[in-house]
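Input: a single structure, listed below in structure tokens.
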Amino acid sequence: MGARRPLLSSDEGTGELWPSFTDITATISLILFVLVLLAFVRNLIAGKKLDALELQIRSSQQQLQRLGDELTRTNAQIALGRQQLKLSEQKLDEQQKILAESNRHLGDLRSQLQSIAVLRVEVLAKVKASIETELGPSRTGAPLVSIGNNGNILINESLVFEYNSFAIKREARPLLQSLAKALGNVLSDPNVRDNVDAIVIQGHTDERGSASFNRELSAKRANAVLDTMFEANRALEELYGSFFASSAYSEFRPVNPAKSEAAFEQNRRIEIAVVLKDANVRRVIDEYMRGQGVPPVPATP
């Protein structure tokens, strides 16, 4: 057998192994470089993302700050609104109290004015009732006296006068005596006297005849009625004569405009009007105005 030949000689082995180690080293270096580069890129990307995130966070914080500021302003406005609402409610309560007080004063004023207005009707009603009590029911069933739509006492002319005459009928004297007694009783009430300005005896005719003749006739009839009442009740003239007056309206205030005999008879009449004092109405209003702090209006001379 021949001797075995070595695989590599000393020189040959060293030359072949060295390049292989260099390649491995270069490869490892390249890998490390790539890894480092990847790490750098990744860190760079992560840094940018972090910056973007921080920017977003700062923006969110700023928005939150703005929202917080707006919420604070809104809460302040709500608080101010509540305060103003409370003040408005207080003012409304005060105005309601003032309105209620004004309504009460107006109610008092209305009651006083109504009492003055009702007084006239009450006076007339007392006079009418007194006459009816004194005379009793009429024989014909028709009322001896009545209260007209204008609030005056109406006495039919035929009960007192003949047609176209101003002479008092004999049978009419008890009626006028009762009327005088009734008016005296009514005027004996101090409350009535304080509110009554005048009691006016009015004469009225129908439309037939001239205006001047009817005016003279109606005046004479009114004066005749007043004179007869004063003769029947001397105390009426002595105590309360200043309250009485007479007036003539001729045919110009008919109660029935028809052209019939029945209408003419209605229009020929004596009316008794109770005139209330305007000063008392004015006094009530002035007292109310003074209570409201408003100076009264000076009376017209």
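Observations on the structure shown:
- Any chance LEU17 is at pLDDT 80 or above and assigned to a helix (DSSP H, G or I): no
- Residue check for ALA172: in contact with a strand residue (DSSP E or B) (Cβ under 8 Å, 6 or more places away or on another chain), under 19 Å from ASP227 (Cα atoms) and either β-branched (Val, Ile, Thr) or surrounded by fewer than 14 Cβ atoms within 10 Å (Cβ to Cβ) (or both): no
- Cβ separations smaller than 7 Å between residues 6+ apart or across chains give the following pairs from segment 155-178 residues that are under 21 Å from ALA125 (Cα atoms) to residues that are charged (D, E, K, R) and surrounded by 18 or more Cβ atoms within 10 Å (Cβ to Cβ): ILE155/ARG269; ASN156/ARG269; GLU157/ARG268; GLU157/ARG269.
- Meets criteria (touching a strand residue (DSSP E or B) at 6+ places or on another chain (Cβ under 8 Å) and of a type in the set (Gly, Ala, Ser)) for SER146: yes
- Total residues in segment 253-274, condition in contact with a helix residue (DSSP H, G or I) (Cβ under 8 Å, 6 or more places away or on another chain) and either of a type outside the set (Asp, Glu) or modelled with pLDDT of 90 or more (or both): 9
- Those helices (runs of 4 or more DSSP H) of segment 153-240 in which 1 or more residues are over 49 Å from the mean Cα position of the chain (by Cα) occupy 173-187, 211-232, 234-240.
- Hey, GLU231 without any contact (Cβ under 8 Å) to a residue 12 or more places away in the chain and out of contact with any Lys or Arg (no Cβ under 6 Å at 6 or more places or on another chain) or not: yes
The values are calculated or read from the model by the stated rules, or taken from the named source; none is laboratory data. Since the model is a prediction, treat every value here as computed from it, not as a measurement. All Cβ positions, even for glycine, are placed from backbone atoms using ideal geometry, and neighbour counts span all protein chains on display.
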